[in-house]
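What follows is a set of notes on a single structure, which appears directly below.
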Amino acid sequence: MHHSISLWLVKYRFPLFILSLLTIVLVGFGGTRLTVKSDYKIFFEADNPQLVANEMIQQRFSASDNVLMVLNPANGDIFTRENLIAIEALTEASWQVPYSQRVDSITNFQNTVVDGDDLMVEDLVMDAGELSDEDIAWRKNIALNEPLLVHRLISPSGHVSAINIQLNLPEDQTLAIPEVMQKVREIRADFAERYPQLEVMLTGVTPLNNAFNEMNQRDTETLVPLMLLVIIVLVGLLLRSFSGTLITVGIIIFSVVIAVSSMGWLGIPINNINFASPIIILTLAVADCIHLLSTYLTGLRRGQDRTEALLTSLDINAKPIFLTSLTTAIGFLSMQSSESPPFRELGLVSAIGVFFAFLFTLTVMPQLILWFTRKAPKVDTERSAAFGHLADFTIRHPKKLFFGSLLVAIACISFIGENELNDDNFGYFKETIEVRRAADFTEANLNGVNMIEYALDTNQAQGINDPAFLKKVDAFVQWYRQQPMVTHVFTFTDTLKRLNKNMHGDDPAYYTLPENREHASQYQLLYEMSLPFGMDVNNQVDMNKSALRITVSIKGAKAKDILAMEANAQQWFADHAPELAAVGASPSIMFAAIGQRNIESMINGTVIATVIISLLLILALGSWKLGLLSIIPNAFPAAIMLGIWGFSVGEVNLAVAVVFGITLGIVVDDTVHFLAKYLRGYQETGDVRHAIHYAFEHVGAALVTTTVVLSLGFGMLALSDFNVNSILGIMVSMTIVIALVFDFLFLPSMIILLSRFIHPQPTGVIPVPALSESEPRRAREATQGIEGEVV
C-alpha cells in the first residue's frame, strides 16, 4: 500500500509540472532586476562602529579613495634624469584620471624655501630634463630626508617610488570605479611604451574595490559553468543513466534560476560572497535527485513497471528528502545571525534554492521520469557487495571503530586553538591577482598597506593653531613612530615643523613646532596661499581648521596586531590626552574586527539551528533516543576539520564563522538517510545488525555519490582567486567528507554499542542473537528481498 502523498504526487504530476514551470517563469523575471555591488563596504552593516568612524573621517576631510601607482625602476635608482622625466610625465598624465582630486609624487612635492622675506613653495622637481647632476643630487637629499615622503612616496634608499591619485568618487561607484580603472590602465599602457625602464603596479582602495568587481564577474563566468559540467559528468558516471542525468541537470538549473532571480525581487545585489549560492544550490539539488532516481532505477531492475517504481521511490524517499532539505535550509538560515550582510544573503538565497530544489524534485521530476526514463542500467554488483563488506567490518569491530574514531576526533579537535583569525582586505585575494601582488611589493619595498586613521579634534574653529594641542598631537605621532611595524605617520605637524625651520633661516635647530598660536596661524596661511590648485591641505586639515587627520601606516601586521595597536593608542589617549581621544578608523581596522564579530554573532544562530534540527530528527525518526544520538556524529566533522586546518594551515578568515552553519544542515543529511534505512531494516528484521546491513546496502552507494558531488561542488570554490570563497569551499568540502566517514564508521558502531538503550527488549521477547563472523553474509541474503535503494 503506497502512501497517500506519493499517490497524490503521481496522480497530479502533470498539473504540478505545469504549475512549477509557470512559477519558474514568473520568479525568473526577477533576473531583470539584478544588480552588482562589490566593494569592501559590502561586508559591513551601515551602523558598524568602525565603518561609521571611517565614513566620518572621509566626510570631514578629503576621501581616501585612491589609486597608488608603484614605480619600480629597472636600474634600482629613482633619482636618475630618465626616471625623473618619466615620473614627471606620469604625474601630469594622472590628472586626466576621472574624478581625480589630487595627485602626489616626489616630483610635485611642495618643497618650501625662504628667499629673503618670501616663502617660496614649488615642485621639488620641475623640468627634470634640464637638471644637472648636482641639482638631482640636491633634490634626492631633500626627498630622502623628508618625513612626508620617505616610506610614503619614496623608499628610504630611493629604489622605489609611488604616485598617489586621490579621487572624489560619486556615492554610487558602480560605474565610476571601472571608468577610473580603464583610464588608469590606458595611461599605464602608454607609459610602458614611452618609458619601458619603469614598471608600474597598481594598488590602493579603488583598485581593491575593482578587484572585488572583477573577481565576482570572473568567478561567475568560470566556476558556475565548470561546476555544471562536473555535475553532468559525475551524475552520468554514477547513475549510468543518460535520461536520469538530463533530468537531474534540469532540476538543478530550475532551482538555481529561481534562487538567483529571487535576489532581484528581494533587492539583493550580487557580490563576491552571495555569488557562491548558485554553486551551492547546484550541488545540493543533486542529492535529492540522486536519492529519488536511484530507488526508481532499482525498482525497474526488479521488474516493477515505471509507475510502481516511481511510487515506491516516493514512499521511501519523500520523507527523508523533505527532512534533509528542511535541516539544510535551517542550517543556511542560521547565517541570518551573521554580522556580515553578504553571508546573511548567501544563507537566505541558498535556503530558497534548497526549498525549490526539494519542491521541483517532487513536482517536476515525477513527470520527467515517466516521460524519459524507461529502462534501468545494469546493476554494479561489485559496488553493492563492497558496502556489504563494509557493514561486515563495522559489525565485527564496533568497539575498535567507536573508540578509535572518538580518539582520532579528539586528537584533531585539540588543534583548533592553533587557528588564528586574520582578515586582511588585500589578503582576501590570491597572489595571482595584480592588486595583491602590488600590495605585497609595496609592503616589502615602500610602505605598509594597512592603515589606521585618527581625526584629532579641538572642537573649535582655528583650534589646530593652539601650541598645546599641537604638542599633544606631536607626542601622539612620536609615540606611534616608536611602535613596532609602523612604517610611516602622515601628519600636518611635520609640515609646520618644516615651515618653522624655513622661517628661521633653515636652521635645523628650529625643526620644531611654532611656539605660539600667531606663528602657527601665519605659517599655515602663507603655505596655503602659495600652494597650486589641487595641492591644498584638506587631506590633513578640516575646513574650519578645528581638527587634524593622522594616518598611520603599518607593515607586516595581522588582524590581532592591528587591533592591539589601536587598543594601545586608546590607552595612550587615556593616559596623556583624554580630551583628544579618537576612534581609530580605516578599512584595515574594519576587516581586522569583522572576523571576531562574525564568529560571536554566528554562535547564537548555530546553537538555535542545532536545537531545531535535533527536535526535527527526534520527531522524524520517531525516537528521541536516536534523534539525540544522531547529533553526536554531526557535531564532530566541522570541529575535526578546524583541528586539521589549525595543524596544517593555522590561519582563518571571517568565512570560518559560517562553516558550521553551512555544514550543519548538510552533514545531517547523510545521517538522516542512513538512520531512515536503518529503521526500515529494523522494522523488517527486528535485529540491529541486520538493519545495519540493510542501511549500508540500500543507501551506502547513494551517500557516497552525493558526498562526491557535494565535496567537488564546494571544492570548485577553491579555484576562486577570492580567498574568502576559496577557504570556505575547502573547509566545507573537508567537513562533508569527514562527515561521511563518521557516518560509515562511528554511527553504526555507536548504534551497536548502544542498541539496548535504543531498542530495549519488551518483556517476553527473545532477543536475536549476535551475528557471528560467518553470519553477515546471511544477513545480506535476508535483506535482498526488501525494497530499497541501490545505485
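Read the figures in this text as sums done on the coordinates, not as results from a lab. What you see is a predicted model; the values in this text were computed from it and never measured. Don't worry about glycine lacking a Cβ; one is built from the backbone with ideal geometry, like all the others, and counts go over all protein chains shown.
Could you sort 162-169, 120-127, 700-707 so that the peptide with the highest average Cβ count within 10 Å comes first and the rest follow in order?
700-707, 162-169, 120-127
Packing, taken as the mean count of other beta carbons within 10 Å per residue, orders the peptides 216-222, 177-183 from highest to lowest as 177-183, 216-222. Close amide H contacts of residue 512 (hydrogens built in the peptide plane, cut-off under 5 Å, sequence separation of 5 or more or a different chain): 501. Positive end of the dipole of the chain (Cβ unit charges, origin at the Cα centre): among 209, 698, 673, the Cα lying farthest that way belongs to 698. Computed from point charges on the beta carbon alone (+1 for Lys and Arg, -1 for Asp and Glu), the dipole magnitude for the chain about its Cα centre is near 4760 Debye. If you take all other residues with their beta carbon under 13 Å from the beta carbon of residue 114, and give Lys and Arg +1 and Asp and Glu -1, the sum is -4.
The rule of thumb for compact globular proteins, 2.2 N^0.38 Å, goes into the C-alpha radius of gyration of segment 616-733 1.24 times. Less than 5 angstrom separates the built amide H of residue 487 from those of 448, 553, 554, 555, all sequence-distant by 5 or more or on a different chain.
How far is helix 205-239 tilted, in degrees, relative to the longest principal axis of the Cα atoms in the chain, given as a value from 0 to 90 rounded to the nearest 10? Value to nearest ten degrees: 20. Where Rh is the Kirkwood radius over the Cα pairs of segment 510-656, the temperature 4 °C and the viscosity 1.567 mPa s, what D in µm²/s does Stokes-Einstein return? Translational D for this selection: 61 µm²/s. Here the contact order of the chain, divided by its residue count and restricted to Cα pairs under 8 Å and six or more residues apart, works out to 19 percent.
For segment 414-554, what's the relative contact order in percent, using C-alpha pairs closer than 8 Å and at least 6 residues apart?
The normalised contact order for segment 414-554 reaches 36 percent.
In sequence order, segment 604-611 has phi-based couplings of 4, x, 5, 4, 4, 4, 4, 5 Hz under the Karplus curve 6.51 cos²θ - 1.76 cosθ + 1.60, θ = phi - 60°, and Gly or Pro positions carry x.
If you take the Cα centroid of segment 277-347 and the Cα centroid of segment 722-742, the two points sit 19 Å apart.
Kirkwood radius and radius of gyration were both taken over the C-alpha atoms of segment 448-500, and their ratio Rg/Rh is 0.99. Using the average count of surrounding beta-carbon atoms within 10 Å as a protection proxy, the listed peptides 196-204, 286-294 rank, highest first, as 286-294, 196-204.
With the simple model of a label 7 Å out from the Cα in the direction of the Cβ, residue 406 to residue 3 spans 3.4 nm.
On a full-extension model of 0.36 nm per residue, what is the gain between residue 515 and residue 199, subtracting their alpha-carbon distance, rounded to one decimal in nm?
109.3 nm
Note on residue 396 and residue 506: their simple-model spin labels are 9.2 nm apart, each label 7 Å out from Cα toward Cβ. Once the Cβ-Cβ distance of residue 266 and residue 306 is raised to the sixth power relative to R0 = 56 Å, the FRET efficiency obtained is 0.90. Could you check how many percent of all C-alpha pairs in segment 169-217 are farther apart than 11 Å? Every Cα pair in segment 169-217 considered, those over 11 Å come to 70 percent. Listed cross-link partners 41/545; 41/558; 471/497; 319/400; 140/501 are compared with a 23 Å cut-off, the Cα-Cα value being larger for 41/545; 319/400. When you work out D = kT/(6 pi eta Rh) for segment 109-196 at 4 °C and 1.567 mPa s, using the Kirkwood radius from C-alpha pairs as Rh and the Stokes-Einstein form, the result is 80 µm²/s. Computed from phi, the 3J(HN,Hα) profile of segment 661-676 under the Karplus parametrisation 6.51, -1.76, 1.60 (θ = phi - 60°) reads x, 5, 7, 3, x, 6, 5, 5, 4, 4, 4, 4, 5, 5, 5, 4 Hz, with x in place of Gly and Pro.
Helices in the chain, meaning DSSP H runs of at least 4 residues, each add -39500 (n - 2.57). Divided by all residues, the mean residue ellipticity at 222 nm is -21000 deg cm²/dmol.
Residues whose amide H falls under 5 Å from that of residue 114, counting only those 5 or more places apart or on a different chain, are 120, with hydrogens built in the peptide plane.
Here the label points at residue 536 and residue 56, each 7 Å from Cα along the C-beta direction, are separated by 2.3 nm in the simple model. Using the Cβ-Cβ distance between residue 45 and residue 171 with R0 set to 22 Å, the FRET efficiency works out to roughly 0.80.
Applying D = kT/(6 pi eta Rh) to the chain, where Rh is the Kirkwood radius over alpha-carbon pairs, T corresponds to 25 °C and eta to 0.890 mPa s, the Stokes-Einstein value obtained is 82 µm²/s.
Given their separation in residues at 0.36 nm each and the Cα-Cα distance between them, residue 26 and residue 414 gain 134.6 nm when the chain is fully extended.
Assuming charge only on the beta carbon of Lys and Arg (+1) and of Asp and Glu (-1), the dipole of segment 1-115 about its Cα centre is about 1160 debye to the nearest 20.
Please compute the length gained on full extension between residue 468 and residue 137, using 0.36 nm multiplied by the number of residues separating them and subtracting their Cα-Cα distance.
115.4 nm
Evaluating 6.51 cos²θ - 1.76 cosθ + 1.60 at θ = phi - 60° for every residue in segment 612-624, the Karplus couplings come out as 4, 5, 4, 5, 5, 5, 4, 5, 5, 7, x, 8, 5 Hz, glycine and proline recorded as x. Quick check of the Kirkwood formula: for segment 207-331, what is the inverse mean of 1/r over all pairs of different Cα atoms, in Å? Answer for segment 207-331: a Kirkwood hydrodynamic radius of 16.3 Å.
Using only the Cα atoms, work out Rg/Rh for segment 8-103, with Rh taken as the Kirkwood radius, to two decimals.
Ratio of gyration radius to Kirkwood radius for segment 8-103: 1.37.
Taking a ≥ b ≥ c as the square roots of the eigenvalues of the Cα gyration tensor, an a/c ratio of 1.5 or more together with a/b no larger than b/c marks segment 266-406 as oblate.
Among residues other than residue 86 with Cβ under 13 Å from its Cβ, the summed charge is -4 (Lys and Arg +1, Asp and Glu -1).
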